[in-house]
Amino acid sequence: MKKKMYALAALLLSGVALNAQEVSFEEYDLDNGMHVILHQDNSAPVVTTSVMYHVGAKDEDPSKTGFAHFFEHLLFEGTENIERGEWFKVVSSNGGQNNANTTQDRTYYYEVFPSNNLELGLWMESERLLHPIINQIGVDTQKEVVQEEKRLRVDNQPYGRFQEVIGKLLFKKHPYRWTTIGSLDHLASATLEDFQKFSDTYYVPNNAVLVVAGDIDVAETKDMINKYFAPIPRGKDIARSTFKEDPVVPVREKFYDPNIQIPAIFMAYRTPAQTEKDAYVLDMVSSVLSDGKSSRLYKKLVDDQKKALQVFAFSGAQEDYGSYLIGALPLGDNSLDDLITEMDEEIVKLQTTLISERDYQKLQNKFENRFVNSNSSVEGIANSLARNYMLYDDTNLINTEIDIYRSITREDIKAAAIKYLKENERVILEYLPESQKEN
């Protein structure tokens with residue numbers, strides 16, 4: 001009876017997912033190489049205009065890191081037709097909101113406006129692309145902003161530097177070895193010409209995708225896009241480097257953080273590009289290990305044995321490679337080695353024994369639910385459409401990604417654990433309070 005109920009629940013949820021997540025869109029290219037994606041949803045008078053540029057930390061010169069993130073800030077400084085410091089005022093005074101974010105693979109800008117201000121959003125993004133003002137006063141101002149951000153989010157944040165250390169241990173050739181925020185020393189020593197060159201190279205229409213999603217009339221929107229974006233000159237073709245990493249050499253390192261009192265242990269593995277099916281499988285591996293109070297690591301180390309304050313396992317898939325982290329914070333006198341032993345035991349279980357049918361069905365239900373909720377807003381849909389086109393070369397993944405998760409079997413989960421969670425191809429980081437540092 002229970003099996004029938006689980007099957008019925010899965011079937012019903014599957015139907016909900018299919019109906020709720022069908023996202024219609026139209027896409028085309030402008031003559032200057034800019035890709036355009038339109039999604040019409042007239043259910044609410046809101047529209048998102050967004051532009052994603054195929055530039056992130058991995059595209060930087062190793063001696064000039066932090067540029068992509070710096071430009072996330074710099075391109076709000078102003079344009080030839082938007083005075084310095086006025087960008088956010090223009091948006092808010094017209095009932096909108098806006099933001100931007102950067103990863104190691106791409107940079108994303110967006111505005112959300114009442115739909116009667118669609119043309120304003122398009123004009124502003126075309127201004128950012130065609131008429132940015134990159135001058136010394138803007139550069140100096142944003143250097144101070146980024147310095148403060150690094151102090152707040154990294155230097156003075158408990159456990160704030162683990163990604164920086166892990167990146168250097170996992171990657172020896174690939175630019176993923178440095179973080180998105182990069183080096184403040186590199187930014188400080190960079191010249192105005194360095195920033196102008198970066199802009200001319202990467203902030204060009206043929207390196208961008210424009211998404212307009214929401215309460216639009218498609219024909220009118222196309223006319224506005226043609227008006228504001230079609231005249232922008234195409235940039236030079238971008239030459240991108242490729243990097244092939246050697247297998248991870250096992251190593252155990254220590255890092256001392258003045259902002260913590262409780263140590264942490266991190267075990268890190270290099271994993272495949274986000275477009276590979278195994279990257280999706282590893283999402284499910286993470287869920288089995290640490291997603292929720294019924295997950296294996298949480299139930300074992302936090303609930304039952306009370307050896308850990310916190311446990312985590314997550315897959316950080318990216319365009320070229322991914323990284324997989326498993327870790328914990330010890331409780332009381334339990335040592336980091338105790339936690340490693342217990343976590344390794346759970347990894348071995350995944351590598352040697354299939355998860356139960358019941359756990360597998362719970363897993364499928366969980367990912368169905370995530371899929372239903374992942375694009376519940378026009379803003380989220382715009383982001384997904386841009387990302388899927390630029391980083392996956394498949395815009396329709398917004399509708400079909402759940403099929404990848406559905407195709408994953410219990411055997412796939414076991415095989416991925418065997419293939420990627422290898423003791424002889426991982427790095428271990430002891431993240432320790434500075435008070436434990438030997439003199």
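The values are calculated or read from the model by the stated rules, or taken from the named source; none is laboratory data. Quick caveat, the model's predicted, so the values are computed rather than measured. Here the Cβ is made from the backbone with ideal geometry for all residues, glycine too, and neighbour counts use every protein chain on show. Ligands, DNA and RNA are excluded from the accessible area calculation, which covers all protein heavy atoms including side chains. Shrake-Rupley method; radii C 1.70, N 1.55, O 1.52, S 1.80 Å.
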Select, from I418, I413, I381, the only residue that is in contact (Cβ under 8 Å) with a residue 60 or more places away in the chain and within 17 Å of the chain's Cα centre (by Cα). I381
Which of the residues spanning region 314-356 are open to solvent by 10 Å² or more (accessible area, probe 1.4 Å), part of a strand (DSSP E or B) and among the small types (G, A, S)? S315, G316, S323
Neighbours by Cβ (under 9 Å, 6+ apart or cross-chain): first from region 258-275, free of Cβ contacts under 8 Å to residues at least 40 places away in the same chain; second of a type in the set (A, V, I, L, M) and in a loop (DSSP other than H, G, I, E, B): none
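Quick check on region 82-90. Is at least one of its residues among the small types (G, A, S), at pLDDT below 95 and not in a helix (DSSP H, G or I)? Give the derivation first.
If we filter region 82-90 for residues that are among the small types (G, A, S), which is where we start, we get 85.
Among the residues that remain, those that are also at pLDDT below 95 are: 85.
From what's left, not in a helix (DSSP H, G or I): 85.
There is at least one residue in region 82-90 that is among the small types (G, A, S), at pLDDT below 95 and not in a helix (DSSP H, G or I).
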I want to confirm something. Restricting to region 357-373 and keeping residues that are without any contact (Cβ under 8 Å) to a residue 60 or more places away in the chain and within 19 Å of the chain's Cα centre (by Cα), which single residue is most open to solvent (accessible area, probe 1.4 Å)? R370
Hits in region 235-288 (condition: among the β-branched types (V, I, T) and closer than 30 Å to E434 by Cα): V248, V249, V251, I260, I262, I265
Anything in region 120-170 that is among the polar types (S, T, N, Q) and in a helix (DSSP H, G or I)? List them, or say none. S126, Q136, T141, Q142, Q147, Q163
Within region 397-416, can one find any residue that is under 30 Å from M52 (Cα atoms), in contact with a Ser or Thr (Cβ under 6 Å, 6 or more places away or on another chain) and open to solvent by less than 40 Å² (accessible area, probe 1.4 Å)? yes
Which is open to solvent by 10 Å² or more (accessible area, probe 1.4 Å), touching a Gly at 6+ places or on another chain (Cβ under 9 Å) and touching a residue at least 24 places away in the same chain (Cβ under 8 Å), of A57, A44? A44
State whether the residues of region 157-177 include one that is of a type in the set (S, T, Y), within 30 Å of R252 (Cα to Cα) and buried (at least 20 other Cβ atoms within 10 Å of the Cβ). yes
Note on region 77-98: residues without any contact (Cβ under 8 Å) to a residue 40 or more places away in the chain and in contact with a helix residue (DSSP H, G or I) (Cβ under 6 Å, 6 or more places away or on another chain) are N94, N98
